[in-house]
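The structure is given below, and queries will be raised subsequently.
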Amino acid sequence: MDTRLSFLFDKSTDFFCVFDNGGNIKHTNAALRKVIGYSQAELENMKISTVSHKADSKRREDTLQLLSRKKEISGYEIRIKAIDGRFYNTKWSAILNPDDGLIYASGTNLTDKLNRTDQTDITDNIQHILQSFSEGFFIINNKWKITAYNPAFLAIAGVKNKQLKNLSLKQLHSLGITDEVVAVFEVAFKENLPGQAQYFNTYFKRWLRVSVYPFKSEVMAFISDINSVKMQQLILALEKNVLELHASSSNSLEQTINELLKGIEQIFPDMICSVLEVDEAQERVYHLAAPRLSVEYCNIINGSAIGPKAGSCGTSAYHRSQVIVSDIETSPLWNDYRDLARPYGLKACWSTPVISSHGTRVLATFAIYYISARQPKTDELQMIERTTNILRVLMENKINHDNINNQNKRLQEIASISSHEIRRPVATILGLVNLFDDKDSKNPMNREIIHHINITAQELDKVIHTIVEKTVHLKDESQAVPDQLSLRPPHKPSG
């Protein structure tokens, strides 16, 4: 860097930092080092993530990607971590220099005071605690005006400082405040009682928890993103309910799976779920359940052949692996099916095969459609894995139940043969033996008796052969029943 520029930056009260596109710090100025407490030697080649708040990681990555495209950004707010563990809210502008590939950034410290419109004095310790919270904190007065907030609140609400000027909580649409949440705040104001509410933010499509505490004429509130925990709770409750339904003899497999898919669609409102059953020949897929998918579309694809380019489900069953099609319009896998999906507004389809416990066959495919082109998120992939395991249990239990019924039927047939078909020829033989003249072996009647015994013996042999044949089928069916039904993923053969 030019020595004159370096001198100016080092004397500036604003922050200055140079780092590469891998996020490695190359140079900082004295103002930044004074606030965060590191020396230049300690900061050199340190990752930016080391001195950033972990809750800002996604926003930081998104900003770096934006910078790589636009080459310049301004007004970017992020919390930086000092050597003593304290956090400072800062605002940055940055430019990407194409000549050396380095990013030059200048920033200012916003943490002289907690963001407070009336500038009421707050002690440094409380201020730094609130600044470092990953949980959002804000205060509203009795007119619902937001009078104070911390950086985490801005991140959760997806807004910047200037957007909150003279804004009431009810006007902050990105928080998606529901009537239930409003009621909790009203109780805090009117009855001076604390409260808590969980709600689904339809704006960001995430679960949030709000805890409110009245103080004098204001209400303090903490707001946190509980999406991951809430999703796990809802999915676990759904799985428990579905397994209980399955245990009831009054519900068919189709009804149980339909309830499972309806529950998933309630947890993930944008999803359109479908399960297609793969036939025993492993050649075609047939509709099993799809609560929100168009009946006409289900009828069209019912009985479709699987193959290397047979949409998402047919391809998934063919390759026995997950197929993620984020954009049906551009995917070659959908060349033969695109025109079928287009009238129903289907833009994306992710399909996962439900493979038997021993990996011997594909039982079904679990598909998720969207009316917009998109890739799955981590929590969605986790849900898909859990659902395919549940589907495997449900379907193999059904196979097991059917096989047991068939076995019982064959056992009843064998018992019937043993009690009736065998007893009759045996009784005939015993009766003929009693008629045999053992004193006069040349008695002409003996020849007739032997002839009838021979005919009856052949009849008995046929009955015994039938029993043996049914017993062999019974043994084959018994071996076909999965001996372990669990929520663990199925064995995947090598190769």
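The values are calculated or read from the model by the stated rules, or taken from the named source; none is laboratory data. Everything numeric in this text was worked out from a predicted model, so none of it was measured. All Cβ positions, even for glycine, are placed from backbone atoms using ideal geometry, and neighbour counts span all protein chains on display. Protein only, heavy atoms only, side chains kept; ligands, DNA and RNA dropped before computing areas. Shrake-Rupley method; radii C 1.70, N 1.55, O 1.52, S 1.80 Å.
Can you tell me which residue within the stretch 238-264, out of those that are modelled with pLDDT of 90 or more and polar (S, T, N, Q), is most open to solvent (accessible area, probe 1.4 Å)?
That would be Q255.
Report yes if some residue within the stretch 180-187 is at pLDDT 90 or above, under 23 Å from E77 (Cα atoms) and buried (at least 16 other Cβ atoms within 10 Å of the Cβ); otherwise report no.
no
Let me ask something else. Considering only the stretch 265-275, state which residues are surrounded by fewer than 23 Cβ atoms within 10 Å (Cβ to Cβ) and either among the polar types (S, T, N, Q) or in a helix (DSSP H, G or I) (or both).
Listed by number, the residues that qualify are E265, Q266, I267.
If I ask for residues that are at pLDDT below 95 and more than 17 Å from L288 (Cβ to Cβ), which ones from the stretch 361-373 would you list?
none
Six or more apart or on different chains, Cβ atoms under 8 Å: show the pairs whose first residue is in the stretch 270-297 and free of Cβ contacts under 8 Å to residues at least 12 places away in the same chain and over 26 Å from F204 (Cα atoms) and whose second is hydrophobic (A, V, I, L, M, F, W, C) and open to solvent by 50 Å² or more (accessible area, probe 1.4 Å).
Short answer, once both residue conditions are applied: none.
Being closer than 30 Å to H246 by Cβ, modelled with pLDDT of 70 or more and not aliphatic (A, V, I, L, M) narrows it down to one residue among N397, N406, N434; which is it?
Answer to the selection: N397.
Restricting the search to the stretch 55-66, which residues are open to solvent by 50 Å² or more (accessible area, probe 1.4 Å) and touching a strand residue (DSSP E or B) at 6+ places or on another chain (Cβ under 9 Å)? Don't jump to the end; show me each part of the working.
To start, the set of residues in the stretch 55-66 that are open to solvent by 50 Å² or more (accessible area, probe 1.4 Å) comprises 55, 58-59, 61-62, 64-66.
Result: A55, R59, L64, L66.
With N24, N29 as the choices, which residue is over 24 Å from Y149 (Cβ atoms), at pLDDT 85 or above and surrounded by fewer than 18 Cβ atoms within 10 Å (Cβ to Cβ)?
Answer to the selection: N24.
What are the residues in the stretch 67-81 that are buried (at least 16 other Cβ atoms within 10 Å of the Cβ) and either touching a Gly at 6+ places or on another chain (Cβ under 8 Å) or not charged (D, E, K, R) (or both), if any? Before the answer, list the steps.
Keep residues of the stretch 67-81 that are buried (at least 16 other Cβ atoms within 10 Å of the Cβ), which gives 67, 73, 76-81.
Across the stretch 67-81, the qualifying residues are L67, I73, Y76, I78, I80.
Restricting to helices (runs of 4 or more DSSP H) lying wholly in the stretch 52-164: which have 1 or more residues that are within 24 Å of A30 (Cα to Cα) and modelled with pLDDT under 90? Write out each step before concluding.
Numbers: elements: 57-70, 124-132, 151-157.
It comes to 57-70, 124-132.
Report yes if some residue within the stretch 384-396 is surrounded by 16 or more Cβ atoms within 10 Å (Cβ to Cβ) and part of a loop (DSSP other than H, G, I, E, B); otherwise report no.
No, because not a single residue in the stretch 384-396 is surrounded by 16 or more Cβ atoms within 10 Å (Cβ to Cβ) and part of a loop (DSSP other than H, G, I, E, B).
Among (1) under 18 Å from the mean Cα position of the chain (by Cα); (2) free of Cβ contacts under 8 Å to residues at least 40 places away in the same chain, there is one condition K205 misses while meeting the rest; what is its number?
So K205 meets the others, but not (2).
Modelled with pLDDT of 90 or more, open to solvent by 10 Å² or more (accessible area, probe 1.4 Å) and either hydrophobic (A, V, I, L, M, F, W, C) or over 30 Å from L391 (Cβ atoms) (or both): which single residue out of I223, I235 fits that description?
Answer to the selection: I235.
Still on this structure: Filtering the stretch 323-368 down to residues that are among the aliphatic types (A, V, I, L, M) and not in a strand (DSSP E or B), which residue is most open to solvent (accessible area, probe 1.4 Å)?
Among residues in the stretch 323-368 that are among the aliphatic types (A, V, I, L, M) and not in a strand (DSSP E or B), the one most open to solvent (accessible area, probe 1.4 Å) is L340.
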